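Colleague: Sharing a structure, written as structure tokens. Questions coming.
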Ligand code: SF4
């Protein structure tokens with residue numbers, strides 16, 4: 001069985017990038033009922049367009065309806081579900097048992113996926129949810145491969161796990177840190193990622209003196225989860241019968257979505273094509289290192305992570321490349337691409353271009369023109385649109401990066 005590759009779609013542009021770079025399905029949030037309130041999220045019009053675009057390109061769309069609802073939220077739910085169904089989505093992601101029940105009663109044909117937020121950590125819970133009509137279980141991130149295999153044997157519902165991205169330091173998202181420190185509720189979609197801030201110790205009589213927190217000579221492990229990366233373990237995941245491999249990151253950039261989706265697509269396809277001769281390609285790990293990330297870990301897959309799952313060395317975030325621009329279009333007559341700036345770049349820069357299919361392109365920026373056709377030396381402004389010559393045609397949503405010095 002070939003598992004689905006499931007990618008985050010924080011907005012319509014990211015949805016298109018995810019689909020073009022090889023996702024079988026995307027998950028997204030509407031303007032209501034979705035965790036990740038700051039991820040851009042989809043208006044009704046965007047949702048309809050997103051579903052149409054995904055379906056035209058053979059991909060499925062799941063909508064997160066995964067807040068822990070209050071009574072007042074429930075009054076709005078039927079209309080919202082009606083709109084989602086009219087858009088033609090392929091499933092909803094729910095964590096609240098009340099919302100599961102209401103969705104099953106109101107729209108029995110709409111597949112319900114149980115969110116990781118519901119913390120399914122054992123086969124009895126999995127079976128319970130299956131009996132409630134849930135068609136897919138997004139398992140808690142804290143499970144090992146052996147635990148997942150045992151659940152697989154005891155339920156027929158689809159199983160989905162996270163394979164890549166940030167880890168919560170709490171139990172699969174159940175956390176009050178953001179509520180306490182930023183007044184933003186993680187369980188209503190508004191996490192400020194407070195667990196990723198830098199912390200120090202202050203003695204009450206010496207305000208302003210920040211003492212580093214150290215647990216051993218290498219630093220502190222508290223609140224320092226590494227990022228998850230299971231690309232080297234595709235065979236184990238496929239053999240375990242997992243139906244969907246999910247990439248975290250509705251808040252992340254198109255550079256992250258494009259790069260990470262492409263790597264997992266390649267890895268999954270390579271394994272399915274020739275399982276006996278499968279070897280992870282070093283280029284995949286290289287590509288994964290090009291987007292901003294913490295050091296990687298395999299999380300809980302092979303047991304509790306301990307020290308190896310914590311980040312305590314050097315810079316917190318790292319990447320070998322900087323995302324500088326997104327291709328918006330290509331003019332065959334002039335051989336130039338229209339690029340939207342994301343970070344400063346200039347004539348003379350060596351760039352690498354990530355393309356949806358095939359090998360990356362390497363070339364130099366030989367000239368730049370503004371939208372009026374005036375020659376310019378650099379693109380200093382965020383979202384600035386510039387034309388630049390390309391040695392060969394390049395498709396929209398290709399991604400330009402510069403190697404970090
Ligand atoms: S603050 Fe961190 S641990 Fe808490 S919900 Fe947000 S990401 Fe998860």
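The values are calculated or read from the model by the stated rules, or taken from the named source; none is laboratory data. All figures in this text were calculated on a predicted structure; none of them were measured in a lab. Methodologically, a virtual Cβ is constructed for each residue, glycine included, from the backbone with ideal geometry; neighbour enumeration extends over all protein chains shown.
Colleague: Quick check on the range 218-239: of everything there that is within 14 Å of the ligand (Cβ to nearest atom) and part of a loop (DSSP other than H, G, I, E, B), which residue is modelled with the highest pLDDT?
Modeller: 226
Colleague: Could you please give the count of residues in the range 184-196 that are more than 9 Å from the ligand (Cβ to nearest atom) and out of contact with any helix residue (DSSP H, G or I) (no Cβ under 6 Å at 6 or more places or on another chain)?
Modeller: 3
Colleague: Could you identify the single residue in 54, 37, 23 that is at pLDDT 95 or above, touching a strand residue (DSSP E or B) at 6+ places or on another chain (Cβ under 9 Å) and assigned to a loop (DSSP other than H, G, I, E, B)?
Modeller: 23
Colleague: Of the residues that sit in the range 150-176 and are under 24 Å from the mean Cα position of the chain (by Cα) and more than 16 Å from the ligand (Cβ to nearest atom), which one is farthest from residue 93 (Cα to Cα)?
Modeller: 163
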